[in-house]
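Working notes, beginning with the structure itself.
The values are calculated or read from the model by the stated rules, or taken from the named source; none is laboratory data. These numbers were taken from a predicted model, which means no experiment stands behind them. All Cβ positions, even for glycine, are placed from backbone atoms using ideal geometry, and neighbour counts span all protein chains on display.
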Amino acid sequence: MDEDQKLAFELATSGHNLVISGQAGTGKTFLVKKLVHYMRFKQGKNVSIVCSTGIAATHYGDLRAQTLHKWSGVEDGRHLNEEIIHFVKRDERFTVAKHNIETVETLIIDESSMISAKIFNQVQVLCKNTRNSTDLFGNIQVVLVGDFFQLPPVSNELYGDPGKHCFTVPWFHTFFSHKINLNIIHRQDDQSLIKCINELEIGDISDDSVAFLKSLDRPLQNERLSKCVHLFARNYDVDVFNYNKMQSLQGDLNVYASQDEGSQHYLSKFLAPKNLGLKLGCPVMLIKNLNDILVNGLCGTVTKLNTDSVEVKFTLEHKTLTVTIAKEVFTTFDPVEKIVLAKRVQLPLKVEFAITIHKAQGMTIENLVVDCNNSIQPGQLGVAIGRAVSIQGLRVINFRKSLCRKHPVNVFNFYDSFSLGNIRNDLTCCRKLNVETSDNESKHDDDDDNDNDDGGGDDSDSTVIFDRLEVDSDFSESEIDNLEFIENILGTDQELLPDKSGSRLALDTVLKTFTDTPVEANILVFSDAISINYQYFHYWFQAQCSIMEDIGLNCFPEGEVKFSQKHRNDYFI
Ligand SMILES: Nc1ncnc2c1ncn2[C@@H]1O[C@H](COP(=O)(O)OP(=O)(O)OP(=O)(O)O)[C@@H](O)[C@H]1O
């Protein structure tokens, strides 16, 4: 281990809560494996490893990691805090999750950049309540591992999750007073490549690195072989690539049609396709966690096509496993009305000649082709190119400097806050704290401090009381107020609008679209359309979503002061 890894190892094995970060390839997963071995087998501790995604969990092989969602029972985040506490404590379907929470001593959470503040807070509240404790996380030692310059959490408007980083929960810095950054990159040894990944992660790329990346646009020797992995930013591009590859594959095409019920709007959002075409020998990826071994993201090859099922040979860490995959039920659930909005029965598979960058986070890939087109998220290209081991096995196509995005300022601020803090042997520095906290305190904190905007502290009864005694029921007026507010921001923020003339025109069009669009007519589609059309304003629009929420609030009938999850869904879905 290098010096930083040793320091992190020492702190974690002495029982401290700890954040371990570091650029792609600095050995975070490597360190966790060492930690788990030592803590389980030398210290005899009950250690659980959980990850934000099933595919990240597979990197731990026999150490048996699983997703945080499954381990804790929070599933896909559909439950309110009080419900999930009730289920885990009393419902026998949640016995395993209850046992996990009651018995664990150390919880290691990897790939935490993709865990939202809402889910993180919910797990914290759940652990505290299930262990009948007043301590954060019920006094479980938590080691949080991840690179927050990589991909951020995915939002889920239906479940009231705006997708904010887990470090925005208000109790974060008290609970994690020790934070360490690993600095030595072990995955690659080419200095130009290391520098380039670093700059891509941060979103500030030098001319040298641009030239370097452009020089990598040449065919790889073994690009045509199946062991070469193609990465794209969007599922759509993955699908097009897969379709073309599928056409060129020999053999008969079997088409598996789904059985659908419910809203077309939600059906169209399922990853499981309506018609899944498969051929013998085509590469596929699981898109659902079937058990601890067959997890979402696992790749394999089709070996037999049956009428309603297929046989797939999966490649695990060092072995292969052939399994019959039958159709599964996919649902979208309304957590307030408690109804299923859409249901699809389909094979939990997707053709995978290529995969999205999201699915690749955490992987090490020897032969890699990255298509940079349509990359819009901060850190996305850093994640993609950071998978490569060497420049000999890396091809980069469609790279342009304008595709590099900067992370929001709160990510940089978070890293500025990195320090080892006060280390006390009796753990009074991080674990044995007398922290006054309530399950919904994050909401109050949010009100107090807009910079530390958490959004994730899920209110325990999902109802936020707003003390607006006078509610403006006239939509147009409040809308105009907010538009003026937007204009003011734009008038002063040079950084957001470096090119004011071009932006002005785009902005006027956007604002016109906004004023012409009834809020209740699907604000999400509207914001998506804006993001696609005006990527330049991407971050700005995210910030405007909260302003739009305010506009929605102002539209409530007079006397209405409760803004519940249901109201939120009515306005924003
Ligand atoms: N101290 C070390 N000595 C030698 N090799 C190391 C060391 N630390 C990590 N490695 C190797 O470097 C490679 C990258 O490590 P690892 O996957 O743990 O990085 P990571 O920080 O988790 O990356 P990512 O953020 O992309 O998931 C692996 O092949 C790992 O075995």
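Mind listing whichever residues of segment 14-31 are surrounded by fewer than 19 Cβ atoms within 10 Å (Cβ to Cβ) and either more than 6 Å from the ligand (Cβ to nearest atom) or within 16 Å of residue 424 (Cβ to Cβ) (or both)? Result: 14, single match.
Does segment 38-47 include one or more residues that are part of a helix (DSSP H, G or I) and among the aliphatic types (A, V, I, L, M)? Looking through segment 38-47, at least one residue is part of a helix (DSSP H, G or I) and among the aliphatic types (A, V, I, L, M).
Highlighted here are the helices (runs of 4 or more DSSP H) found entirely within segment 50-138 that include at least 2 residues which are of a type in the set (A, V, I, L, M) and out of contact with any Gly (no Cβ under 8 Å at 6 or more places or on another chain): 117-130. For residue 37, the requirement of being without any contact (Cβ under 8 Å) to a residue 40 or more places away in the chain, more than 13 Å from the ligand (Cβ to nearest atom) and over 21 Å from the mean Cα position of the chain (by Cα) is met. Identification of strands (runs of 3 or more DSSP E) wholly contained in segment 291-334 with 1 or more residues that are at pLDDT below 90 and surrounded by 16 or more Cβ atoms within 10 Å (Cβ to Cβ) yields 299-305, 310-315, 328-334.
Within segment 378-409, the residues that satisfy the criterion of being away from the ligand (no atom under 16 Å from the Cβ) and among the basic types (Lys, Arg) are 395, 400, 401, 405, 406.
Could you check, for segment 209-225, whether at least one of its residues is assigned to a strand (DSSP E or B), surrounded by 13 or more Cβ atoms within 10 Å (Cβ to Cβ) and under 30 Å from the mean Cα position of the chain (by Cα)? Give the derivation first.
Here is the first cut: in segment 209-225, the residues assigned to a strand (DSSP E or B) are none.
Looking for residues that are assigned to a strand (DSSP E or B), surrounded by 13 or more Cβ atoms within 10 Å (Cβ to Cβ) and under 30 Å from the mean Cα position of the chain (by Cα), one finds none in segment 209-225, hence no.
The residue pairs whose first member lies in segment 47-70 and is assigned by the TED database to the domain that holds residue 150 and closer than 15 Å to residue 114 by Cα, whose second member is modelled with pLDDT of 80 or more and aromatic (Phe, Trp, Tyr), and whose beta carbons are closer than 6 Å, counting only pairs six or more residues apart or on different chains, are 50/71. Considering only residues in segment 128-160 that are surrounded by fewer than 21 Cβ atoms within 10 Å (Cβ to Cβ) and charged (D, E, K, R), the one that is farthest from residue 99 (Cα to Cα) turns out to be 157.
If the condition is being at pLDDT 85 or above and in contact with a Ser or Thr (Cβ under 9 Å, 6 or more places away or on another chain), then segment 357-386 contributes 357, 358, 379, 381, 384. Identify all residues within segment 188-220 that are within 14 Å of the ligand (Cβ to nearest atom), in contact with a strand residue (DSSP E or B) (Cβ under 8 Å, 6 or more places away or on another chain) and of a type outside the set (A, V, I, L, M, F, W, C); write none if there are none. Within segment 188-220, 188 is the sole residue that qualifies. Of everything in segment 40-60 that is within 28 Å of residue 384 (Cα to Cα) and of a type in the set (Val, Ile, Thr), the residue that is farthest from the ligand (Cβ to nearest atom) is 50. Among the numbered conditions (1) surrounded by 20 or more Cβ atoms within 10 Å (Cβ to Cβ); (2) at pLDDT 85 or above, the only one that residue 392 does not meet is (1).
Counting the residues of segment 241-287 that are loosely packed, with under 13 Cβ neighbours inside 10 Å and in a helix (DSSP H, G or I) gives 5. Does residue 143 satisfy the condition of being within 16 Å of the ligand (Cβ to nearest atom), of a type in the set (A, V, I, L, M) and outside any loop (DSSP other than H, G, I, E, B)? Against the criterion (within 16 Å of the ligand (Cβ to nearest atom), of a type in the set (A, V, I, L, M) and outside any loop (DSSP other than H, G, I, E, B)), residue 143 qualifies.
Restricting the search to segment 171-180, which residues are in contact with a helix residue (DSSP H, G or I) (Cβ under 7 Å, 6 or more places away or on another chain) and modelled with pLDDT of 90 or more?
From segment 171-180, those in contact with a helix residue (DSSP H, G or I) (Cβ under 7 Å, 6 or more places away or on another chain) are 171, 175, 178, 180; that's our starting set.
Across segment 171-180, the qualifying residues are 175, 178, 180.
Take the conditions (1) under 28 Å from residue 248 (Cβ atoms); (2) touching a helix residue (DSSP H, G or I) at 6+ places or on another chain (Cβ under 8 Å); (3) not basic (Lys, Arg); residue 299 misses just one of them, which is (2).
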